Ligand code: DCP
Ligand code: CA
Ligand code: CA
């Protein structure tokens with residue numbers, strides 16, 4: 001006898017940080033709104049963390065320098081500083097709502113969760129659709145937040161479905177619909193394939209997932225390396241599957257970003273480092289952990305990795321950690337006078353749970 005069809009639901013909150021600000025400040029509704037990570041160099045240096053759809057109409061997106069966003073946006077636009085611990089709290093509340101739909105849930109990031117609904121809905125996609133609708137309306141009713149939801153036979157497909165349905169979307173991909181749904185998607189619809197990889201694939205004439213399915217494993221291995229090639233091979237066929245389990249306790253959190261160009265200029269690197277720190281701190285606060293060490297990661301134009309770390313007090317404020325990181329990076333550059341930086345990152349380690357608070361990954365009903 002065949003087992004139940006697997007039913008996986010992926011939840012992604014729409015323009016999350018910006019939406020939280022919009023919901024809590026109704027006066028901003030309808031205006032372009034940008035949540036910013038200020039690097040502290042001057043009043044408007046730093047990067048965009050999240051933009052609402054009004055701002056996106058002008059071409060503003062996450063990761064863009066704030067100055068660039070200001071040049072694109074009209075005068076009525078609203079610029080707000082990130083409030084990471086607040087978004088983490090809102091995130092926890094949303095995740096607590098979602099958790100009631102399935103005990104098999106994993107929080108993937110501050111605004112994403114994946115739920116295995118197979119048992120809860122007895123393998124029925126009709127019931128799964130009802131679940132998804134109820135989940136969306138419950139999050140809207142209780143938190144005033146819109147989200148996009150995908151339901152499909154595995155996590156990768158469910159995430160692609162959620163992304164494809166944004167904003168305020170719901171997309172169900174039943175097992176017999178997988179092949180048609182996938183083939184029409186652009187390659188970068190696959191999680192893990194970003195804009196850079198898309199460009200590399202275009203050089204091989206590969207644009208859609210259908211094209212990607214025709215690429216031989218050997219070629220995939222040359223492009224992606226062995227491990228990722230296996231993922232890409234299976235994901236392109238809708239077959240990459242893994243059980244949905246809660247994660248174990250994290251030992252460290254990190255975030256690395258690629259610089260616009262190879263450089264040794266601190267002014268270029270600072271904003272990117274600030275964005276890395278804010279994402280790393282965000283992950284930390286979603287885990288309800290504190291860090292006792294912080295490190296800078298520098299990856300050179302020759303792909304050599306240099307790291308440097310120091311101890312910090314638990315719950316050291318953002319600005320202070322940023323100062324420490326700048327100093328560490330400054331030392332890295334001084335000790336390696338000829339290197340050019342290609343990527344930089346931030347790592348937080350020596351993690352400990354914050355006492356007395358619930359922890360996302362340890363929830364159960
Ligand atoms: N984020 C950030 N810097 C980035 C990307 C994201 O600070 N470069 C933060 C802000 C986002 C949140 O993480 O609100 C979630 O990231 P998403 O990529 O899901 O972006 P949004 O939720 O803002 O947009 P979407 O509606 O496309 O999901
Ligand atoms: Ca989102
Ligand atoms: Ca997301």
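The values are calculated or read from the model by the stated rules, or taken from the named source; none is laboratory data. Just so you know, these numbers come straight off a predicted model, no measurement behind them. Note: ideal-geometry Cβ built from the backbone for every residue, glycine included; neighbour counts use all protein chains shown.
Exactly one residue out of 321, 299 is over 18 Å from residue 281 (Cα atoms), within 23 Å of the chain's Cα centre (by Cα) and in contact (Cβ under 8 Å) with a residue 40 or more places away in the chain, and it is 299.
One residue stands out in region 106-122 among those that are assigned to a strand (DSSP E or B) and within 16 Å of ligand 3 (Cβ to nearest atom): the one that is surrounded by the fewest Cβ atoms within 10 Å (Cβ to Cβ), namely 109. Within region 184-211, how many residues turn out to be over 20 Å from residue 239 (Cβ atoms) and part of a helix (DSSP H, G or I)? Matching residues across region 184-211 total 6. The lone criterion from (1) more than 15 Å from ligand 3 (Cβ to nearest atom); (2) touching a helix residue (DSSP H, G or I) at 6+ places or on another chain (Cβ under 6 Å); (3) farther than 30 Å from residue 239 by Cα left unmet by residue 75 is number (2).
Per the conditions (1) within 28 Å of residue 258 (Cβ to Cβ); (2) assigned to a helix (DSSP H, G or I); (3) more than 16 Å from ligand 3 (Cβ to nearest atom); (4) in contact with a helix residue (DSSP H, G or I) (Cβ under 6 Å, 6 or more places away or on another chain), the sole criterion not satisfied by residue 97 is (1).
The number of residues in region 123-143 being closer than 11 Å to residue 101 by Cα and surrounded by 16 or more Cβ atoms within 10 Å (Cβ to Cβ) comes to 4. The sole residue among 41, 31 that is free of Cβ contacts under 8 Å to residues at least 60 places away in the same chain and either in a loop (DSSP other than H, G, I, E, B) or within 16 Å of ligand 1 (Cβ to nearest atom) (or both) is 31.
Could you list all residues from region 65-94 that are at pLDDT 95 or above, buried (at least 18 other Cβ atoms within 10 Å of the Cβ) and part of a loop (DSSP other than H, G, I, E, B)? Hits for region 65-94 are 73, 77. All conditions in (1) under 30 Å from residue 6 (Cβ atoms); (2) modelled with pLDDT of 90 or more; (3) touching a strand residue (DSSP E or B) at 6+ places or on another chain (Cβ under 7 Å); (4) surrounded by 13 or more Cβ atoms within 10 Å (Cβ to Cβ) hold for residue 283, with the sole exception of (2). Taking every residue in region 131-151 that is more than 23 Å from residue 86 (Cα to Cα) and pairing it with any residue that is modelled with pLDDT under 95 and within 12 Å of ligand 2 (Cβ to nearest atom), at least 6 positions away or on another chain, yields no pair with a Cβ-Cβ distance below 9 Å. If the condition is being out of contact with any strand residue (DSSP E or B) (no Cβ under 8 Å at 6 or more places or on another chain) and closer than 25 Å to residue 95 by Cβ, then region 26-54 contributes 26, 53.
Each residue in region 216-247 was checked for being outside any helix (DSSP H, G or I) and more than 20 Å from residue 10 (Cα to Cα), and 2 of them qualify. Give me a count of the residues in region 127-178 that are in a helix (DSSP H, G or I) and either closer than 30 Å to residue 26 by Cβ or away from ligand 3 (no atom under 15 Å from the Cβ) (or both). Residues in region 127-178 being in a helix (DSSP H, G or I) and either closer than 30 Å to residue 26 by Cβ or away from ligand 3 (no atom under 15 Å from the Cβ) (or both): 26 in total.
Does residue 11 count as within 16 Å of ligand 3 (Cβ to nearest atom) and either surrounded by 23 or more Cβ atoms within 10 Å (Cβ to Cβ) or at negative phi (or both)? So residue 11 fits the description; yes.
Of the residues that make up region 223-238, is at least one more than 16 Å from ligand 2 (Cβ to nearest atom), closer than 29 Å to residue 18 by Cα and in contact (Cβ under 8 Å) with a residue 40 or more places away in the chain? No, every residue in region 223-238 fails to be more than 16 Å from ligand 2 (Cβ to nearest atom), closer than 29 Å to residue 18 by Cα and in contact (Cβ under 8 Å) with a residue 40 or more places away in the chain. Taken as a whole, the structure places residue 112 among residues that are within 11 Å of ligand 1 (Cβ to nearest atom), closer than 16 Å to residue 10 by Cα, in contact (Cβ under 8 Å) with a residue 40 or more places away in the chain and touching a strand residue (DSSP E or B) at 6+ places or on another chain (Cβ under 8 Å). Does any residue of region 318-325 turn out to be in contact with a strand residue (DSSP E or B) (Cβ under 8 Å, 6 or more places away or on another chain) and over 18 Å from residue 40 (Cα atoms)? No, that holds for no residue.
Say whether the condition of being within 16 Å of ligand 2 (Cβ to nearest atom), modelled with pLDDT of 95 or more, more than 16 Å from the chain's Cα centre (by Cα) and closer than 30 Å to residue 245 by Cα is met by at least one residue in region 33-47. No: region 33-47 contains no residue that is within 16 Å of ligand 2 (Cβ to nearest atom), modelled with pLDDT of 95 or more, more than 16 Å from the chain's Cα centre (by Cα) and closer than 30 Å to residue 245 by Cα.
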